[in-house]
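Undergrad: Encoded as structure tokens, here's the structure I'll be asking about.
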Amino acid sequence: MTSSAIILGGIVIYLIAVGLITGALFGLQARNKRTQERELSRLETLKNLIISSGILTEMEKVKSLINTKKLEERYKKWENRYKRIEEEAIPKLTDELMEATSLIEDRKFKEASYILAKAELDIYYVKTDSEMLLEEIKELTQSEKRNRNAVTKLKALYREVTSKYINNKKDYAGMENNIDLQFENINKLLSAFEIAMEKNDYDEVGKIVHALDDLIKNIKIVINETPTVILLGKMVLPKKILDIKSYSSKMKKDGYNIEYMNLDHNIEEAEKKINDVFDRLKMLNLEDSIFELKTILDYFESLYVDFDKEKQSKLEYEKYIDQINKKLVRLTKVVKNIFEEVEELKETYALTDEELKSLDEINNNLNAVKENYKTVSDRTLTKITPYSRLAKDCDLISVKLTKVEDKLEIAIKSLGSLKEDELRARDQLIEIRQIIKDSKTKIRDYKLPVIPKEYYIELEEAKEGLSLIHDELERRPIVINTLNTRVDTGRDLVLKLYNLSNELTRTAKMAEMAIVYGNRYRSTYKEIDAALTKAENEYNKGEYKISLETSLNILESVEPGIHKKIISAKEV
């Protein structure tokens, strides 16, 4: 390809690229223009909707209602605000939108975007101002209908209240004048409402309607709650107070201490509260009155529970005090007898410091319980402490006394076990002597050729253990712990001797039996004859176990299972 062709191709590509870029930029500007023109059209529509016929219509209504200087001044203020919107704010918005139109035409889209955003914010402010103006005007133009509706509802409620009052007038005894005066005030306000409506004095109308709402709703509460207040305050509570006074006087005569309830003071405070409720009722103020009276009633009702609790507590106290007294008498006698016996026990047995200390502690604890018992008994005589408190104190004393009783039971068992341990030791002594005798008889009856030295050692140890037990039993005072140790040791030694005697005689018998059984093979097998001869020698030297093993091992070679046979024969 020639250089001319290459240059020509490059020029063509350059022109195509320039055309594409130009087209893209043109298309982007066209799109921006269409977008901003749509936004401009939207804002134009919003601006045109700000001034609506609604404001002018409502303004004409106000104009026809003007009959006072005050209303005329309000109308002029609204008129001036409307003119500022129409003659200043709207033209300013128009100028902003025209400026934005010019910038769009000149393709100054960035500047146009800023102006459009500012115009939208200004339109929002002007629209809000216009809507607030319309609402304020409607507040006046629609006030007649609104207030008429409100008063109509209040009149219906008022008729219900008056009807209920008239039909149940006997339930409001003493309050007729106050209620009638309130009805009169409401009737005056209703008349004033009509006069203010005729004068188009809507400011005054609003105040009257608000006052009527407060008075009628309050008189409704008065009519609904006054009978309950009168019933509680004039009938129920006075009767309840008299009953409580009578009941409490009877309990005092019967020996109950109920001073801790502080009844006189509480009744006085309740009566003050009731009087305060009726003072407020005269002013037709019933706020929290029923709640306060019911709280007082609940308090007096709860007193019956407290009275019953005192009666029950007295029964519990009398039961407790009788049980405690009987138990104290019994335990005192037991402790006294134990201390008398302890002096004798000290001569026979070496009592430990711990055992003596335990007895002193039991005695001290018992004396402490006696003091507590005396204190409670004394307080009963003074009739100061309520039985509910005395019953609790007795319960605590009973718990402490039970602990003393448990410790005393343990001490009695411990002291009683001293004699039991001594008797057990004497029985064990007789038994140990018999076992030693049986062991010696077993060895003597079998007539072993040689008695092993081990037997004599254990026999001496068993005799020594027996002697130590005998010596400990003869000692005064006896140390029971040492005695028990001696008995356990002696029993172990004698049982060891007995087991050795059994083992010696048993092994010797089996060794002798094995030799006798093996004699049948002596003439046939020389090795058996030699082994049995060795077994006889060991037997005669007192090595019975070696003798048995020698015999059994050699016989096992000619007669497998011989060991079991000999054992079976021995057992038979």
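Undergrad: Under the condition of being open to solvent by less than 60 Å² (accessible area, probe 1.4 Å) and farther than 13 Å from Y158 by Cβ, which residue from segment 181-200 is farthest from the chain's Cα centre (by Cα)?
TA: N200
Undergrad: Quick one: in segment 278-295, of everything that is touching a Gly at 6+ places or on another chain (Cβ under 9 Å) and under 17 Å from E268 (Cβ atoms), which residue is surrounded by the most Cβ atoms within 10 Å (Cβ to Cβ)?
TA: L293
Undergrad: Can you list residue pairs whose Cβ atoms sit under 7 Å apart, with the first residue in segment 238-257 being within 22 Å of Y387 (Cβ to Cβ) and the second being part of a loop (DSSP other than H, G, I, E, B)? Count only pairs 6 or more apart in sequence or on different chains.
TA: Filtered contacts from segment 238-257: S248/I258; M251/I258; K252/I258; G255/K383; N257/K383; N257/I384; N257/T385; N257/P386.
Undergrad: Mind telling me which of the residues L242, L232 ends up being open to solvent by 50 Å² or more (accessible area, probe 1.4 Å) and not aromatic (F, W, Y)?
TA: L242
Undergrad: Just a yes or no: is a residue in segment 72-88 open to solvent by 60 Å² or more (accessible area, probe 1.4 Å), within 30 Å of T35 (Cβ to Cβ) and in contact with a helix residue (DSSP H, G or I) (Cβ under 8 Å, 6 or more places away or on another chain)?
TA: Scanning segment 72-88 turns up no residue that is open to solvent by 60 Å² or more (accessible area, probe 1.4 Å), within 30 Å of T35 (Cβ to Cβ) and in contact with a helix residue (DSSP H, G or I) (Cβ under 8 Å, 6 or more places away or on another chain).
Undergrad: Kindly indicate whether N372 is over 30 Å from K309 (Cα atoms) and at pLDDT 70 or above.
TA: In short, no.
Undergrad: State which residue pairs qualify: first residue within 17 Å of K370 (Cα to Cα) and inside segment 310-339, second residue open to solvent by 40 Å² or more (accessible area, probe 1.4 Å) in any location, beta carbons under 7 Å apart, and separation of 6 or more residues or different chains.
TA: Y320/D395; I324/Y373; L328/K370; L328/Y373; L331/E405; V335/N363
Undergrad: Could you figure out which of (1) touching a helix residue (DSSP H, G or I) at 6+ places or on another chain (Cβ under 7 Å); (2) closer than 15 Å to I290 by Cβ; (3) touching a residue at least 60 places away in the same chain (Cβ under 8 Å) isn't true of P227?
TA: (3)
Undergrad: On to the next question. Looking only at segment 496-549, count every residue that is of a type in the set (D, E, K, R), outside any helix (DSSP H, G or I) and out of contact with any Asp or Glu (no Cβ under 6 Å at 6 or more places or on another chain) and tell me the total.
TA: Selection size over segment 496-549: 2.
Undergrad: Any residue in segment 153-162 that is modelled with pLDDT under 85, farther than 23 Å from V229 by Cβ and either assigned to a helix (DSSP H, G or I) or out of contact with any Pro (no Cβ under 8 Å at 6 or more places or on another chain) (or both)?
TA: For segment 153-162, residues modelled with pLDDT under 85, farther than 23 Å from V229 by Cβ and either assigned to a helix (DSSP H, G or I) or out of contact with any Pro (no Cβ under 8 Å at 6 or more places or on another chain) (or both): present.
Undergrad: Suppose the filter is open to solvent by less than 50 Å² (accessible area, probe 1.4 Å), at pLDDT 80 or above and assigned to a helix (DSSP H, G or I); does D95 pass it?
TA: Taking the combined requirement at face value, the residue does not satisfy it.
Undergrad: Give the residue, chosen from N484, N499, that is open to solvent by 70 Å² or more (accessible area, probe 1.4 Å) and either over 20 Å from R433 (Cα atoms) or not charged (D, E, K, R) (or both).
TA: N499
Undergrad: Would you pick out the residues in segment 201-222 that are open to solvent by less than 30 Å² (accessible area, probe 1.4 Å) and in contact with an Asp or Glu (Cβ under 9 Å, 6 or more places away or on another chain)?
TA: Y202, V205
Undergrad: Can you say whether N266 is polar (S, T, N, Q), open to solvent by 40 Å² or more (accessible area, probe 1.4 Å) and over 30 Å from K169 (Cα atoms), as far as the supplied structure shows?
TA: Spelling it out, N266 is indeed polar (S, T, N, Q), open to solvent by 40 Å² or more (accessible area, probe 1.4 Å) and over 30 Å from K169 (Cα atoms).
Undergrad: Right, something else. With (1) assigned to a helix (DSSP H, G or I); (2) surrounded by 15 or more Cβ atoms within 10 Å (Cβ to Cβ) as the list, and Y256 as the residue in question, which single condition is left unmet?
TA: Condition (1) is where Y256 drops out.
Undergrad: Would segment 463-472 turn up any residue that is crowded, with 18+ Cβ neighbours inside 10 Å and either among the small types (G, A, S) or not in a helix (DSSP H, G or I) (or both)?
TA: Yes, segment 463-472 contains a residue that is crowded, with 18+ Cβ neighbours inside 10 Å and either among the small types (G, A, S) or not in a helix (DSSP H, G or I) (or both).
Undergrad: Then there is this: Can you tell which of I221, I123 is in a helix (DSSP H, G or I), within 30 Å of I85 (Cβ to Cβ) and touching a residue at least 60 places away in the same chain (Cβ under 8 Å)?
TA: The match here is I123.
Undergrad: Determine the pairs where a residue that is over 22 Å from R491 (Cα atoms) and open to solvent by less than 60 Å² (accessible area, probe 1.4 Å), located within segment 436-451, has a partner that is modelled with pLDDT of 80 or more and in a loop (DSSP other than H, G, I, E, B) with Cβ atoms under 8 Å apart, the partner being 6 or more residues away or on another chain.
TA: L448/G542; V450/K541; V450/G542; I451/G542
Undergrad: To continue, here is another question. For residues in segment 163-172 being touching a residue at least 12 places away in the same chain (Cβ under 8 Å) and part of a helix (DSSP H, G or I), which is most open to solvent (accessible area, probe 1.4 Å)?
TA: This residue is K164.
Undergrad: Looking at (1) charged (D, E, K, R); (2) in contact with an Asp or Glu (Cβ under 9 Å, 6 or more places away or on another chain); (3) not in a helix (DSSP H, G or I), which one does D276 not meet, given that it meets all the others?
TA: Among (1) charged (D, E, K, R); (2) in contact with an Asp or Glu (Cβ under 9 Å, 6 or more places away or on another chain); (3) not in a helix (DSSP H, G or I), D276 violates only (3).
Undergrad: Report, by residue number, each residue of segment 372-413 that is open to solvent by 60 Å² or more (accessible area, probe 1.4 Å), farther than 18 Å from K326 by Cβ and not hydrophobic (A, V, I, L, M, F, W, C).
TA: T375, D378, R379, T382, K383, R389, K392, K407, K413
The values are calculated or read from the model by the stated rules, or taken from the named source; none is laboratory data. Treat the numbers as computed from the prediction; the structure is a model and nothing was measured. Glycine gets a Cβ as well: all are built from the backbone with ideal geometry, and neighbour counts include every protein chain shown. We work out accessible area using only protein heavy atoms, side chains counted, and drop any ligands, DNA or RNA first. Shrake-Rupley method; radii C 1.70, N 1.55, O 1.52, S 1.80 Å.
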